[in-house]
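Reading through the structure tokens given below for one structure.
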Amino acid sequence: MASMTDVIEQMLMELLAEGGGMAQIQRNTLAGKLNCVPSQINYVIQTRFTPERGYLIESRRGGGGGVKIVRVTPQGNQLMHVINSVGGELDYDTARIFTQNLLDHEFITAQEAKLILGALRDNALTLPAPARNQLRANIFKNMLLALQ
């Protein structure tokens, strides 16, 4: 059986598909339809509809808590945008999200994604956490530069 967060995510994905990549919702209304609390809707939006995954969120308070979710279609040089977004440190989960987003938009192949993620795993980078995340960021950026 699917968890409530998965059900909420699926509902939001369906609304995005119906709206051509854009959905406007009222948290209270959606929570009522799904028999959950509005904070569960917030949690899903904050964790599964992030900029790293290719979404922009506009939120307004009051009136049922309206939220606008927009799926950003990459334009121009997405690889350079990701490279510039990485910063000086990168944990594995964030690298996985960046890589999946690039794969979803066909900027990299499935084989390239596997190679990138294999090289960035914690067991491949046997350093203490801060140094490992710095090295991971540098490797990730250099791999994307090589794909240009």
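None of the figures in this text is laboratory data; all of them are computed from the coordinates on show. In this text, all values refer to a predicted model and were calculated from it rather than measured experimentally. No Cβ is skipped: glycine too gets one built from the backbone with ideal geometry, and neighbour counts run over all protein chains shown.
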Inter-site label distance for Gln134 and Ser59 at 7 Å from Cα along Cβ, in nm: 3.3
Crossing angle, helix 129-146 versus the chain [Cα axis fit, 0-90 degrees, rounded to tens]: 80
Student exercise, the chain dipole from Lys, Arg, Asp, Glu Cβ charges, in Debye to nearest 20: 280
Gain on full stretching of the segment that runs from Asp91 to Thr47 - 0.36 nm per residue minus C-alpha separation: 14.3 nm
Angle in degrees between helix 110-120 and the longest Cα principal axis of the chain, rounded to the nearest 10: 70
Value of [θ]222 nm, deg cm²/dmol, for the chain, DSSP H segments ≥ 4, -39500 (n - 2.57) each, nearest 500: -18000 deg cm²/dmol
Length added when fully stretched, Lys114-Met80, from 0.36 nm per residue minus Cα-Cα: 10.3 nm
Chain lengthening between Asp122 and Gln24 when straightened (0.36 nm per residue, less Cα-Cα): 31.4 nm
Mean separation of Cα contacts under 8 Å, 6 or more apart, over the residue count of the range 78-146: relative contact order %: 48
